[in-house]
Amino acid sequence: MQKIKQVFLFFTLAVILFFAVFAINTIKNLVNTPSVTIKMSETTVIKELRSLNRLETASFTIEKVIEAGTSGNVFQEFLYGDRILLIATGHVIAGFDFSTLTDRDIQVRGKEVKVTLPKPQILVTSIDNGQTRVYDRKQGILSKNNKDLEAKARLAAENSIRDAACKGGILNEASENARKQVSSLLKILGFETITVDVSEGSC
């Protein structure tokens, strides 16, 4: 009976010792585990922004009426005149080319970041062929069919639509939208104080 008590006491002490060693090692590991700190650098921010490649931040749809053709007196126009009236619909997209960003454009201090974006620019100007049509075409009785006249009218329409978008403030809208989108991205990356400057662009 005495022997059984000794075995039971030894087993109990062994169990207590095991849990004591386990607890000590656990506490030791918790104390010695290094904290993980993520440090964002200028290079990291540039990499994230460049991954956006070309950022489109504003889009305008504009309709223009374009008249093109010959010019002359009434008699000349009656004989040789060739005029076209084109109703054109086009799209203009403005935004940024982030491939030009350099280290000088990014300043990082802890959780504070300042980014200077490049100038906004017109990225795309296009005519919507499905919505563009010839409204009227007048030719003199001796006029030869000028196949290039409609193409020239479309080119003039494209340039006119681009100018209209510029006068309508598409670059300003692109800048404001870029500030919001880039600020949101930087916030996701962990920055708390964010400044986004945009260089003034011109068409």
* Structure fact -> If we ask which residues in the range 143-171 are in a helix (DSSP H, G or I) and free of Cβ contacts under 8 Å to residues at least 40 places away in the same chain, their number turns out to be 4
* Structure fact -> Reported set for the range 155-176 where residues are closer than 30 Å to LYS114 by Cα and crowded, with 19+ Cβ neighbours inside 10 Å is ALA165, ILE170, LEU171, ALA174, SER175
* Hey, among the residues in the range 138-154 that are loosely packed, with under 15 Cβ neighbours inside 10 Å and charged (D, E, K, R), which one's farthest from ILE170 (Cα to Cα)? -> LYS144
* Could we say that ILE84 is closer than 30 Å to GLN139 by Cα and modelled with pLDDT of 90 or more here? -> no
* **Single residue of the range 138-167 satisfying the filter (more than 19 Å from ALA68 (Cβ to Cβ) and touching a Phe, Trp or Tyr at 6+ places or on another chain (Cβ under 6 Å)) that is modelled with the lowest pLDDT** => LEU142
* Structure fact -> When (1) at pLDDT 90 or above; (2) surrounded by fewer than 17 Cβ atoms within 10 Å (Cβ to Cβ); (3) in a strand (DSSP E or B) are applied to TYR135, the one that fails is (1)
* Out of the residues in the range 172-203 that are among the acidic types (Asp, Glu) and not in a strand (DSSP E or B), which is farthest from GLU56 (Cα to Cα)? -> GLU192
* **Any pair with Cβ under 7 angstrom, 6 or more apart, that starts in the range 116-132 at a residue that is within 22 Å of PHE98 (Cα to Cα) and ends at one that is of a type in the set (Lys, Arg) and surrounded by 14 or more Cβ atoms within 10 Å (Cβ to Cβ)** => ILE122/ARG162; THR125/ARG162
* Which residues, counting only those in the range 86-132, are of a type in the set (Ser, Thr, Tyr) and part of a strand (DSSP E or B)? -> THR89, THR116, THR125, SER126
* To do: Go through (1) out of contact with any helix residue (DSSP H, G or I) (no Cβ under 6 Å at 6 or more places or on another chain); (2) at pLDDT 60 or above; (3) not in a strand (DSSP E or B) one by one and return the number of the condition LEU49 breaks.
  => (1)
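The values are calculated or read from the model by the stated rules, or taken from the named source; none is laboratory data. This structure is a prediction, so every number in the text was calculated from the model and none was measured. Positions of Cβ are generated from backbone atoms using ideal geometry, with glycine treated the same way; all protein chains shown enter the neighbour counts.
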